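In what follows, a single structure is set out as structure tokens and then discussed.
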Amino acid sequence: ERKKKSEVMLETSEKIVYAMLSLEPVHLAQITEGTGMELSCVMEILFSLQIKNLVQAIGNNYFVIKM
């Protein structure tokens, strides 16, 4: 049985960042502020989530959950 995208194994930090996202665009600054993480850490996690095909960058530092 195929797992849903949201059920993919994620690190704790990835889950925290992923929880900040939605189908509506969220700015990088909002994600950083909301998680309390360093900007560089959030960017690294967002990159990882993009590689896992869970998140999409839509330009101007906005991100959405990928459907």
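The values are calculated or read from the model by the stated rules, or taken from the named source; none is laboratory data. Since this is a predicted model, take the numbers as computed values, not measurements. Reconstructed Cβ throughout: ideal geometry from the backbone, glycine too, with neighbour counts over all protein chains shown.
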(message) I need every pair where a residue in segment 3-15 that is of a type outside the set (A, V, I, L, M) has its Cβ under 6 Å from the Cβ of a residue that is at pLDDT 70 or above and part of a loop (DSSP other than H, G, I, E, B), sequence separation at least 6 or different chains.
(response) Lys5/Leu54
(request) Any chance you could count how many residues in segment 45-65 are outside any strand (DSSP E or B) and farther than 10 Å from Glu14 by Cβ? (result) 6
(message) Of all residues being of a type in the set (Lys, Arg) and modelled with pLDDT of 95 or more in segment 1-58, which is surrounded by the fewest Cβ atoms within 10 Å (Cβ to Cβ)? Just the residue, please.
(response) Lys15
(message) Please go through segment 18-67 and give me each residue that is of a type in the set (Gly, Ala, Ser) and on the phi < 0 side of the Ramachandran plot, ordered by number.
(response) Ala19, Ser22, Ala29, Gly34, Ser40, Ser48, Ala57
(message) Go through segment 44-59 and report how many residues are in contact (Cβ under 8 Å) with a residue 12 or more places away in the chain and more than 9 Å from the chain's Cα centre (by Cα).
(response) 3
